[in-house]
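Everything on this sheet refers to the single structure shown next.
Read the figures in this text as sums done on the coordinates, not as results from a lab. Here the structure is a predicted model, which means the values were calculated and not measured. Every residue, glycine among them, receives a Cβ derived from its backbone with ideal geometry; neighbour counts consider all protein chains shown.
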Amino acid sequence: MSDKPIIGRGRRWPKAADAIERRSMSIGYVQSDKAHLSHDSVYLQLRRMILYSELRPGEWLRQVELAKLLGVSRTPIREAMRSLQQEGLVEIVPNHGVRVAPLSLEEFEELYALRIGIEGLAARVATERVNQTIIDQLRAKLEWLNTLAKIEILATYLQEEWLFRLQLYHVTQRERLLHRVIYLREHAERYLRLAYSGEERVTESLVFHQRLFEAVEAGDPLRAESINQDALRWTLRHVTPLLAAMMPDQADVPLNES
């Protein structure tokens, strides 16, 4: 039997409240501090939980539970939901409620079309401007990625491989470019782990980073651009059939909140 609570006429609410509670405890909130959370704080906390799938795609969100657990009124919750809707991270279903936006093949393809272009550019420009200090720092990060690949800590590996590339991108000194790169990468987070469902995928990913480093070290911007784009196409190639095979969300529509 499912452990999800039943809300009226047999309809089930996924346990978003449990995820909120775990997250609020993990970042050190205590009840007496929660009353001072602003709209921005609520929005950023919920945004991160959605991007990192602590609130799962398709999961229904109850404002009353979120308000209680965060120690705020429903006003900042509603404001945060509107911001998240504008960002495409939640869906507001009239007369029913709010749910985390499901994964979408269309969104994934569009994200990666944009990432392939902009991160290829970032790698090329950065390679044109890189210095020996940055090369030495990237070499140290690459050694750490090798270690993580061997001990198979996927979450940490994904975080560190992104920081490896982000450090390279910062060499461009293009703030607008960096802002767009980071925004797209954040929205790709919900899809990334699907690319690592096979046993050899981390090893394959590591090879791309090694090749990228070699191109940067050799001062070859066009090769760095091409390798970075190939790495993103690798993710596109592995995730697309998995998303295409997923069934549409079959969950019951929940009762409207009072």
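Details
- Residue exposure proxy: 187, 39, ordered by other Cβ atoms within 10 angstrom of their Cβ from fewest to most, comes out as 39, 187.
- Couplings 3J(HN,Hα) of segment 81-97, computed from phi: 4, 5, 5, 5, 5, 4, 7, x, 9, 9, 10, 9, 9, x, 6, 10, x Hz, in residue order, whole Hz [Karplus 6.51 cos²θ - 1.76 cosθ + 1.60, θ = phi - 60°; x for Gly and Pro].
- Around residue 156: net Lys/Arg minus Asp/Glu count, Cβ-Cβ under 14 Å: 0
- Sequence-ordered 3J(HN,Hα) estimates for segment 98-115 from the Karplus curve with 6.51, -1.76 and 1.60 and θ = phi - 60° stand at 10, 9, 5, 4, x, 5, 9, 4, 4, 4, 4, 4, 5, 4, 7, 4, 5, 5 Hz, glycine and proline given as x.
- Interchain or long-range residues, amide H under 5 Å from residue 90's placed H: 85, 101
- Relative exposure of 42, 130, judged by other C-beta atoms within 10 Å (fewest first): 130, 42
- Look at where the Cα atoms of segment 32-94 and of segment 230-247 average out, and the two centres are 29 Å apart.
- Inter-label distance, residue 150 to residue 186: 3.5 nm, where each label sits 7 Å from its Cα along the C-beta direction.
- Exposure proxy ranking for 200, 107, based on other Cβ atoms within 10 angstrom of each Cβ and starting from the fewest, stands as 200, 107.
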